[in-house]
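Notes follow the structure.
Read-outs: derived from the displayed coordinates by stated rules, not from any lab. Here the structure is a predicted model, which is why all the values come from computation and not from measurement. Backbone-built Cβ (ideal geometry, glycine too); neighbour counts: all protein chains shown.
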Amino acid sequence: MRAGWRVFLAVVALLLGVMAVGTPACLYADEILGPCELFTRQDAEALLKETITEERVLESHLPAGATCRYAYRKEGSTYDIRVKVATDRSIAEEGIHDSAKDVFDRQIKTRRSHEYASKKLREFDGIGEGSFWDGSSLWALQGGNLVIVTVNSLLEGSFKSMDEMNAAKEEQNLAYSTEIMATVLKRLE
């Protein structure tokens, strides 16, 4: 085979591969806004009062969907916000769960029955059709969408113990996550 044909076939194969895989943003083209549109860079900067230095959209699994990550650096460390959106369609196509509600119900049932996870589990009314905090992420169900918000924020101050510091950081991250979730769910309406 001539070198020209090999190059041509390689380019065609590459293009077909890109079209087949797509990008995470394309997962939402016919459904809903992507996670970076549901909670924008400007939203993140206003909430955190920090300049976002990195914005990335990532394809997610378990459950399938897309994640928007906003990161910033301060005092030599990196902090971030992650907004993950999984739809009934993306979850069903993944083939592990049936729907967003199926994932949500299984997660909450498992956490309620697990000795360690049940200590961190906090369920909320009034946030979507159901929501819970697992100690590091806020999960909410709205329609055929499962939204998971995870915040790793800078905690300032001094504390008497690591336990006190960890509890304060968890409360701060939950407060940020709740504000982010309110914005996302409003935009999903």
Note to self: Being of a type in the set (Ser, Thr, Tyr) and closer than 22 Å to residue 37 by Cα: is that true of residue 116 here?
What the structure shows: no
Scanning region 111-128 for residues that are surrounded by 12 or more Cβ atoms within 10 Å (Cβ to Cβ), in a helix (DSSP H, G or I) and without any contact (Cβ under 8 Å) to a residue 12 or more places away in the chain gives 112
A careful count of residues in region 67-77 that are in contact (Cβ under 8 Å) with a residue 40 or more places away in the chain and either basic (Lys, Arg) or in a loop (DSSP other than H, G, I, E, B) (or both) gives 2
Residue count, region 78-105, condition in a helix (DSSP H, G or I) and either of a type in the set (A, V, I, L, M) or loosely packed, with under 14 Cβ neighbours inside 10 Å (or both), comes to 5
Out of (1) in contact with a Gly (Cβ under 9 Å, 6 or more places away or on another chain); (2) within 24 Å of residue 49 (Cβ to Cβ); (3) not aromatic (Phe, Trp, Tyr), the one residue 178 does not meet is (1)
Out of (1) touching an Asp or Glu at 6+ places or on another chain (Cβ under 8 Å); (2) in contact (Cβ under 8 Å) with a residue 40 or more places away in the chain; (3) under 24 Å from residue 51 (Cβ atoms), the one residue 87 does not meet is (3)
Determine whether residue 118 is within 21 Å of residue 176 (Cβ to Cβ) and among the hydroxyl-bearing types (Ser, Thr, Tyr). no
Across region 40-77, the tally of residues that are loosely packed, with under 13 Cβ neighbours inside 10 Å and of a type in the set (A, V, I, L, M) stands at 2
Q) Got at least one residue in region 169-189 being exposed (fewer than 15 other Cβ atoms within 10 Å of the Cβ), of a type in the set (S, T, N, Q) and out of contact with any helix residue (DSSP H, G or I) (no Cβ under 7 Å at 6 or more places or on another chain)? A) no
Restricting region 150-187 to residues that are of a type in the set (A, V, I, L, M) and touching a Lys or Arg at 6+ places or on another chain (Cβ under 7 Å), the one nearest to residue 32 (Cα to Cα) turns out to be 154
Picked from region 96-146 (must be small (Gly, Ala, Ser) and more than 19 Å from residue 84 (Cβ to Cβ)), the residue farthest from the chain's Cα centre (by Cα) is 113
